[in-house]
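**Student:** Starting off with a structure, shown below.
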Amino acid sequence: MQILSISLKNIKSHRDRELHFVGGINVLSGVNGVGKSTIFEAIGYALFGVDARDFVGNIERFLTIGAKKGEVAVTFAPADGETYRASRTVGAGSKWLLAREIGGTFEVEDHAGALETEARIKELLGLDSGRPLADQFKLVIGPFQNEFLGPFVLKQPAKRQEAFDEILGIDAWRKTYKGTSTLLTAVKTKIDLLTVEIEGKEEQVVALPERQQELTGLVIEVEAQQKLLADKEKSFGATEAQLAKLDGQEKTSQTVKADIQVLENRIRDGEGKIADNKKRVKESEQALETLEKSRAGKEAFEEAEAQLKALREQEKERRALEREIIVLDKESARLAQAVEHERREVEKIAKEQAAEEHRLTADQKRLVAGESVTLAAARLPVLREEAERLRLAQGLLEGRRAGLQEGKEKLAKGVCPFFKEECQNIAGKASRDVFSARMDDLDKDSLDLQQRLAGLVLEIGTAEKAQQELETLTVRGQELAKQLSALAKRRDDNSKRQTALVGAKEQQGEAEKKGSVRKEKLKKYADLDGGIAKVEKVRTAHQAARDAFFANQKDALDLQNRRDSLARMVALLEDLRKTLAAKLQELVALARDYDPQRHAEVRLVKEQLVGELATSRQKIADLGRDRLRLEGEIKKMQQLKEEIKDRLAARKGFSHKEELVKFLRNQIFNNVSAQLSQRFREEISLRADRIYRNIAETDEELYWGDKYQIVLRDMENGELRERSDDQLSGGQTMSAVVALRLALLQTIGARVAFFDEPTSNLDAARRANLAHAFRAIDVGREEVTEHWYDQLFLISHDVAFTEVTDQVISLE
């Protein structure tokens, strides 16, 4: 197995770094703080799954300052000849991925999670010993030198034993021995609880025979009460049958009496109803006589009513005609008034429009500008151009005069007006006035320009006024044209109104014609009011006869029904009297068979039997509840007996378990850890001694003691001497620790190992010997040990390693 390269991005001091490694020994060198140990930590993080907090405490300190995420990728080649890359990100949402190289590219393997990824890497590295990869790296493969040295310098043997048992992976047996102590206590506690529970249940079961005897006596008493109850129920049945017969006779007698009372009441009611019905028959006969007398008057009233209805319809037609005539007269008058008003309006508007047209035409003729105004406005652009030219000329004159004035002032001071320095031509001489004459000429020219410009300004004012007058005339002409156009449109509208006036006159004539037709039709209704009055007089005369006819009609028509009803009532009354006589005879017969006193005696006997039966049943029910209670208690006690039996069996089982746990703890768990420790220490001591002798170049024998203390043996004055712990020098201890770790790595089968400053506390000779020991292991020199690793990674500043290493990587 070989690590080929590592890539770090945003990991501590390594912003973006990639390193490549070779087989054999790789030495990382560089000044302190350059990040050598970080390379080891990154390999442990990405390849072995170590938590970054195991290195730095806070995961943010594992990242480069300012970075939010980082990544480490380790490319390695296991024994199967393939190439793999283990990558793991640092920060939120960290992922651990394993990819295999296929055709020059890495394809990520599909794993369910970190546990499956770890198991796969274990398989590839050949470290599938049951311990987590991270623990193997932290304890043996890649611990920092001070962390691996720590257990050796522990003073307490028990703590040192726990530390190395964990490193060797045999602490499980010792932990199991300690852990089963709690199990043994739990088993004993369970046995004690079962014993207490059994004793408590046995106390409850003591009363079981007494409850069984009580139940037997209760069953006998229940049987006796049930027999007594059966006799009473038999007597109660006979009494109840006799009472039912007497109750029937009493009920029949009462029913007959009630029927007689009902019949007597119905006979009295029937006699009253027959008298009322006879009276109603007489009223119907009188109503029939009145009906015949008033029939002629009723018919005359109905004939007059029909005539009056026809006349009312004619009256409605007349009123409708009158309303139409009124509407037509109003419409005709309205149209006549509207026609006259519209005619006057049209004539008035026509006159006004003619006057307005005359006025607008006259105004248009007056909108003609004079020739002088037109000419003055035409000269305005020329005058403005000339004035602008004169202003520019005046500005030039003023600029020239200002320059002359400045030259005059500087020349008076002896300074050249052009070079701005003292003039040598007039040095020591009186200055000459060469500027005044030129300035006077310029002033004359400027005055002339001002006078000409003033005249132009007056002419421009006159031209501007003429221009404004022309613009005003133009706007006024446009306004007059718009008014004439609007006037023409209004004259067209007035013409349309005059045309519409003819149609209005025609509508008026049509309305007058319709009114005349309606008035002609109205003449045939001239005698309608007289006819209505005559018919109403006839109807009033026969009103009383008609009212009498309808008032008596219902009673007269009901005469036959009333006679038939009277006959039925008389027959029914006769039947009721016969039925009453029969009921009276039946009541006499019932009185001979029924004895009320005997009936009361039998009812009293029944009530006594009911009380006795209730008492017996209640007593049997109470006995039944007592029986159920006793049966429940007996059943519960029998269940307790079964539970006691089960608890005894359980206690026996736990007693066997207690003996088994004691045997396992005392005979196996307590001994296996010591035996495994002894075997590992003997094997590791043998290998470490060979390495130590090569490093120290001494005849001292290195032995790993039973409490994992370092022991050096040699002969002094012919006697065996043993030294350990505080009796050893720092160099001896460090040499022994390195030798033991190398032997331990070989024992667990690790093909890769990491050493951080392994030569610390060693003198020059031992450092050189240690370097040659690593090389001897690398080439498999038998006097040291066989070749067991594929790669070693060392952090060292020692020049001794540069002579034996396969590659030195300098981190600067």
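The values are calculated or read from the model by the stated rules, or taken from the named source; none is laboratory data. Since this is a predicted model, take the numbers as computed values, not measurements. Reconstructed Cβ throughout: ideal geometry from the backbone, glycine too, with neighbour counts over all protein chains shown. Side chains included, ligands, DNA and RNA excluded: accessible areas come from the protein's heavy atoms. Shrake-Rupley method; radii C 1.70, N 1.55, O 1.52, S 1.80 Å.
**Student:** Considering only segment 727-736, I want to know if a residue exists there that is hydrophobic (A, V, I, L, M, F, W, C), at pLDDT 80 or above and not in a helix (DSSP H, G or I).
**Tutor:** Looking through segment 727-736, at least one residue is hydrophobic (A, V, I, L, M, F, W, C), at pLDDT 80 or above and not in a helix (DSSP H, G or I).
**Student:** Considering only segment 596-624, state which residues are open to solvent by 40 Å² or more (accessible area, probe 1.4 Å) and either in contact (Cβ under 8 Å) with a residue 60 or more places away in the chain or in contact with an Asp or Glu (Cβ under 8 Å, 6 or more places away or on another chain) (or both).
**Tutor:** Correct list: P596, R598, R603, V605, K606, V610, E612, R617, K619.
**Student:** For segment 560-573, does any single residue satisfy the condition of being closer than 30 Å to V327 by Cα, assigned to a helix (DSSP H, G or I) and in contact (Cβ under 8 Å) with a residue 12 or more places away in the chain?
**Tutor:** no
**Student:** Can you find, within segment 643-680, the residue that is nearest to T747 (Cα to Cα) among those that are of a type in the set (K, R) and open to solvent by 50 Å² or more (accessible area, probe 1.4 Å)?
**Tutor:** Among those that are of a type in the set (K, R) and open to solvent by 50 Å² or more (accessible area, probe 1.4 Å), it is R679.
**Student:** Just checking, which of G104, G130 is open to solvent by 50 Å² or more (accessible area, probe 1.4 Å) and touching a residue at least 12 places away in the same chain (Cβ under 8 Å)?
**Tutor:** Going through G104, G130 in turn, the sole match is G130.
**Student:** So, one more: Going by what's in this entry, would I65 be described as among the hydrophobic types (A, V, I, L, M, F, W, C) and in a loop (DSSP other than H, G, I, E, B)?
**Tutor:** Considered against the rule, which asks whether it is among the hydrophobic types (A, V, I, L, M, F, W, C) and in a loop (DSSP other than H, G, I, E, B), I65 comes out as yes.
**Student:** What tally of residues in segment 159-183 results from selecting those that are at pLDDT 80 or above and buried (at least 17 other Cβ atoms within 10 Å of the Cβ)?
**Tutor:** Total meeting the criteria: 0.
Every residue, every condition in (1) over 30 Å from G113 (Cβ atoms); (2) part of a helix (DSSP H, G or I); (3) touching a strand residue (DSSP E or B) at 6+ places or on another chain (Cβ under 6 Å), yes or no:
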| position | (1), (2), (3) |
| --- | --- |
| I3 | no, no, yes |
| S7 | no, no, yes |
| R17 | no, no, yes |
| N26 | yes, no, yes |
| G44 | no, yes, no |
| G49 | no, no, no |
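**Student:** Let me ask you something else. Please go through segment 195-212 and pick out each residue that is surrounded by 13 or more Cβ atoms within 10 Å (Cβ to Cβ) and outside any helix (DSSP H, G or I).
**Tutor:** Scanning segment 195-212 gives a single hit, A207.
**Student:** If you don't mind, there's one more thing I want to ask. Residue pairs, Cβ under 8 Å, 6 or more apart or interchain, first in segment 658-669 and under 17 Å from K175 (Cβ atoms), second of a type in the set (A, V, I, L, M). List them.
**Tutor:** V661/L183; V661/L184; V661/V187; R665/L184
**Student:** Given the residues D192, D276, which is the only one that is open to solvent by 40 Å² or more (accessible area, probe 1.4 Å), closer than 30 Å to A581 by Cβ, acidic (D, E) and free of Cβ contacts under 8 Å to residues at least 60 places away in the same chain?
**Tutor:** D276
**Student:** Can you spot a residue in segment 695-712 that is among the charged types (D, E, K, R), surrounded by fewer than 18 Cβ atoms within 10 Å (Cβ to Cβ) and in a helix (DSSP H, G or I)?
**Tutor:** No: segment 695-712 contains no residue that is among the charged types (D, E, K, R), surrounded by fewer than 18 Cβ atoms within 10 Å (Cβ to Cβ) and in a helix (DSSP H, G or I).
**Student:** May I ask you to verify whether G749 is under 60 Å from the mean Cα position of the chain (by Cα), over 29 Å from Q156 (Cβ atoms) and modelled with pLDDT under 80?
**Tutor:** Answer is yes for this residue.
**Student:** Name the pairs: first residue in segment 289-312 and under 20 Å from G531 (Cα atoms), second residue not in a helix (DSSP H, G or I), Cβ to Cβ under 8 Å, at least 6 apart or on different chains?
**Tutor:** Cβ pairs passing all conditions: A300/H542; F301/H542; A304/H542.
**Student:** May I pose another question? Mind listing whichever residues of segment 310-346 are open to solvent by 50 Å² or more (accessible area, probe 1.4 Å) and over 16 Å from A504 (Cα atoms)?
**Tutor:** A310, R312, E313, Q314, K316, E317, R319, E322, R323, E324, I326, V327
**Student:** Name the residues in segment 514-559 that are aliphatic (A, V, I, L, M) and not in a helix (DSSP H, G or I), would you?
**Tutor:** A526
**Student:** Based on what the data block shows, is L63 touching a Phe, Trp or Tyr at 6+ places or on another chain (Cβ under 8 Å), open to solvent by less than 30 Å² (accessible area, probe 1.4 Å) and among the aliphatic types (A, V, I, L, M)?
**Tutor:** no
**Student:** While we're on this one: Any residue at all in segment 227-237 that is open to solvent by 80 Å² or more (accessible area, probe 1.4 Å) and in contact (Cβ under 8 Å) with a residue 24 or more places away in the chain?
**Tutor:** Looking through segment 227-237, none of the residues is open to solvent by 80 Å² or more (accessible area, probe 1.4 Å) and in contact (Cβ under 8 Å) with a residue 24 or more places away in the chain.
**Student:** Listed residues K273, K245; which is in a helix (DSSP H, G or I), over 60 Å from the mean Cα position of the chain (by Cα) and closer than 30 Å to V605 by Cβ?
**Tutor:** The match here is K245.
**Student:** Test of understanding: among L720, L686, which residue is open to solvent by 40 Å² or more (accessible area, probe 1.4 Å), free of Cβ contacts under 8 Å to residues at least 60 places away in the same chain and part of a helix (DSSP H, G or I)?
**Tutor:** Step by step, each of L720, L686 is checked, and only L686 is open to solvent by 40 Å² or more (accessible area, probe 1.4 Å), free of Cβ contacts under 8 Å to residues at least 60 places away in the same chain and part of a helix (DSSP H, G or I).
**Student:** Between a first residue in segment 66-90 that is within 18 Å of V108 (Cβ to Cβ) and of a type in the set (F, W, Y) and a second residue that is modelled with pLDDT under 90 and in a loop (DSSP other than H, G, I, E, B), which pairs have beta carbons less than 8 Å apart while being 6 or more apart in sequence or on different chains?
**Tutor:** F76/M1
**Student:** A771 is checked against (1) at pLDDT below 80; (2) open to solvent by 20 Å² or more (accessible area, probe 1.4 Å); (3) of a type in the set (A, V, I, L, M) and fails just one. What number does that condition carry?
**Tutor:** Result: A771 passes all but (2).
**Student:** Another one. Taking only segment 355-382 into account, find how many residues are modelled with pLDDT of 85 or more and among the aliphatic types (A, V, I, L, M).
**Tutor:** 2
**Student:** Between residues in segment 447-467 that are within 13 Å of E386 (Cα to Cα) and open to solvent by less than 70 Å² (accessible area, probe 1.4 Å) and residues that are part of a helix (DSSP H, G or I) and not aliphatic (A, V, I, L, M), which pairs lie under 8 Å by C-beta distance while being six or more apart or on different chains?
**Tutor:** Close Cβ pairs (under 8 Å, with a partner that is part of a helix (DSSP H, G or I) and not aliphatic (A, V, I, L, M)) amount to L449/Q394; L453/R391; L453/Q394; L456/E386; I460/R384.
**Student:** Follow-up question, since we're still on this one. What about N666, is it out of contact with any strand residue (DSSP E or B) (no Cβ under 6 Å at 6 or more places or on another chain) and at pLDDT below 80?
**Tutor:** Yes: the conditions hold for N666.
**Student:** Here is a follow-up. Among the residues of segment 645-669, how many are of a type in the set (V, I, T) and more than 57 Å from the chain's Cα centre (by Cα)?
**Tutor:** Here the count works out to 1.
**Student:** Here is a further query. What are the pairs with Cβ atoms under 6 angstrom where one residue, in segment 356-376, is under 17 Å from R476 (Cα atoms) and in contact (Cβ under 8 Å) with a residue 12 or more places away in the chain and the other, located anywhere, is polar (S, T, N, Q) and not in a loop (DSSP other than H, G, I, E, B)? Sequence gap at least six, or different chains.
**Tutor:** Sorted first by the residue in segment 356-376, then by its partner, the pairs are L360/Q483.
**Student:** Please indicate, with yes or no, whether at least one residue in segment 480-497 is more than 25 Å from L360 (Cβ to Cβ) and in a helix (DSSP H, G or I).
**Tutor:** no
**Student:** Of the numbered conditions (1) part of a helix (DSSP H, G or I); (2) open to solvent by 90 Å² or more (accessible area, probe 1.4 Å), V368 satisfies every one except a single condition; which is it?
**Tutor:** It is condition (1) that V368 fails.
**Student:** Let me ask another. Taking the criterion of being surrounded by fewer than 20 Cβ atoms within 10 Å (Cβ to Cβ), modelled with pLDDT of 80 or more, among the aliphatic types (A, V, I, L, M) and more than 60 Å from the chain's Cα centre (by Cα), would at least one residue in segment 797-810 satisfy it?
**Tutor:** Yes, segment 797-810 has at least one match.
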